[in-house]
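Read the structure below first, then the notes.
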Amino acid sequence: MSQIRTLLQRMFGLVKHHVGTDQFGNKYYYIPEQRSWTGQTIRSKRMIEAVNPKEIEYEVGNIPSEWKAWIRGRRVDPPTIEEILRNEEYRKMIKINADEVQQKEEIRREKEYEEGLVARPIRTQTKGHASATYYGKDDLSSEPSSTANTFQPGGWLPPENSNKKK
């Protein structure tokens, strides 16, 4: 059997074993350690054959996290479709529970604000940076407020009627 495999490797290149397919149609392969026709040892690899091989159209989430873990060698055995579906349901339940907790927290916080137990946060609007010459000013002037040595971006606006094409 190993002689046939060696002959096939020399004739057709690397031998890869299909280990599974995910719900998106991506195929996963295992390439065992092999020797090339020149006698070099090629390390074993795990690879994916994407259903949509265009790199531009790849998006996060097109490969299940269980398969990512297998590809990177974080797990020994490839995942089963049942495991992937079970984990997907679990992640949905976690998200639903987190949303419920957040809604309860918002209701509790609003009740505390109404009862006066907690002060509402003050929302301030900061215009510019404190080191800028125009900090805290409502309107920017058309008069220069800095020289070339102390230039502050945004510290000066050109006059309204200067250099306008008529």
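The values are calculated or read from the model by the stated rules, or taken from the named source; none is laboratory data. Given the structure is predicted, the values throughout are model-derived calculations rather than measurements. All Cβ positions, even for glycine, are placed from backbone atoms using ideal geometry, and neighbour counts span all protein chains on display.
Observations
- Residues in segment 68-84 that are outside any helix (DSSP H, G or I), out of contact with any helix residue (DSSP H, G or I) (no Cβ under 9 Å at 6 or more places or on another chain) and among the basic types (Lys, Arg): 72 alone.
- Residue in segment 24-44 that is in a loop (DSSP other than H, G, I, E, B) and either of a type in the set (A, V, I, L, M) or modelled with pLDDT of 90 or more (or both) present: no
- When restricted to residues that are aliphatic (A, V, I, L, M) and closer than 20 Å to residue 63 by Cβ, segment 82-93 contains 2.
- Pairs, first of a type in the set (S, T, N, Q) in segment 97-122, second surrounded by 10 or more Cβ atoms within 10 Å (Cβ to Cβ), C-beta under 7 Å, six or more apart: none
- Considering segment 7-23, and only residues there that are farther than 21 Å from residue 73 by Cβ and modelled with pLDDT under 80, the residue that is farthest from the chain's Cα centre (by Cα) turns out to be 7.
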